[in-house]
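Asker: Dropping the structure in here first, questions after.
The values are calculated or read from the model by the stated rules, or taken from the named source; none is laboratory data. Because the structure is predicted, anything quoted here is derived from the model rather than measured. Neighbour counts are summed over all protein chains in view; Cβ atoms, including those assigned to glycine, are modelled from backbone coordinates with ideal geometry. Surface accessibility is based on the protein's heavy atoms, side chains included, excluding ligands, DNA and RNA. Shrake-Rupley method; radii C 1.70, N 1.55, O 1.52, S 1.80 Å.
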Amino acid sequence: SFKPFVYAAALASGRYTAASIANDAPEVFDLWRPQNYKKDNFEGPVRLRHALAKSINTVAIRLAHEVGPAAVAELAAKLGITSKLPRELSLALGSGEVTPLELTNALASFAAGGRVAPPRVIESIDGKALAVAEPVVAIPPELAYVVLDMMRSVVDEGTAQLARKLGLTIAGKTGTTNDSRDNWFIG
């Protein structure tokens with residue numbers, strides 16, 4: 001579920017759009033041959049929107065390689081990820097450890113037009129107003145909009161199609177651990 005940050009960093013670089021073509025094909029990076037969820041299954045040239053919707057690992061890694069893992073980590077930090085992230089290609093597949101709250105808050109920044117604020121935890125309902133931190137613009141709103149729209153494709157035609165049953169307009173991303181021990185959707 002970390003891939004939206006990779007795509008956001010690629011779009012922010014100015015070298016890519018949601019309609020850019022990337023090749024879903026086998027490649028070796030320093031003796032590492034990343035695989036897609038379905039091993040040895042590649043689609044060839046695909047648009048970035050489709051690659052995010054289908055959670056294609058090889059395209060995410062190729063993008064991280066092109067823009068650099070540091071750029072991906074820095075963009076994620078701007079959006080609210082406070083955990084230390086590895087500056088390596090596996091970051092594109094979520095090798096950095098983050099809390100669910102960090103990930104939720106950072107992804108919510110796309111829906112908030114690129115603005116980020118610390119999460120608020122409601123401890124009690126007592127009618128007293130909580131002090132609210134003013135959101136800070138982390139990325140341009142047009143970038144946030146495009147990434148959010150790409151995340152809608154995850155639900156409309158990608159790995160989270162089951163979420164359509166809710167009957168709501170939803171944007172999000174699925175996540176799967178190695179060997180599918182854990183699967184989740186964040187949106």
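Asker: Got a sec? Which helices (runs of 4 or more DSSP H) wholly within segment 1-96 have at least 1 residues that are more than 20 Å from Asp149 (Cβ to Cβ) and at pLDDT 95 or above?
Answerer: Once the helices (runs of 4 or more DSSP H) in segment 1-96 are filtered for at least 1 residues that are more than 20 Å from Asp149 (Cβ to Cβ) and at pLDDT 95 or above, what remains is 57-67, 69-78.
Asker: Say whether the condition of being open to solvent by 10 Å² or more (accessible area, probe 1.4 Å), farther than 18 Å from Ile139 by Cα and among the acidic types (Asp, Glu) is met by at least one residue in segment 58-68.
Answerer: Yes, there is a match, as at least one residue in segment 58-68 is open to solvent by 10 Å² or more (accessible area, probe 1.4 Å), farther than 18 Å from Ile139 by Cα and among the acidic types (Asp, Glu).
Asker: I'd like to verify a number: residues in segment 144-176 that are more than 13 Å from the chain's Cα centre (by Cα) and open to solvent by less than 60 Å² (accessible area, probe 1.4 Å), how many?
Answerer: So the answer is 5.
Asker: Would a scan of segment 113-136 turn up a residue that is under 17 Å from the mean Cα position of the chain (by Cα), surrounded by 12 or more Cβ atoms within 10 Å (Cβ to Cβ) and not in a loop (DSSP other than H, G, I, E, B)?
Answerer: yes
Asker: Is it the case that some residue within segment 48-55 is over 14 Å from the mean Cα position of the chain (by Cα) and under 24 Å from Ser20 (Cα atoms)?
Answerer: No, that holds for no residue.
Asker: Go through the residues of segment 96-104 one by one and say whether even a single one is on the phi < 0 side of the Ramachandran plot, in contact with a helix residue (DSSP H, G or I) (Cβ under 7 Å, 6 or more places away or on another chain) and not β-branched (Val, Ile, Thr).
Answerer: no
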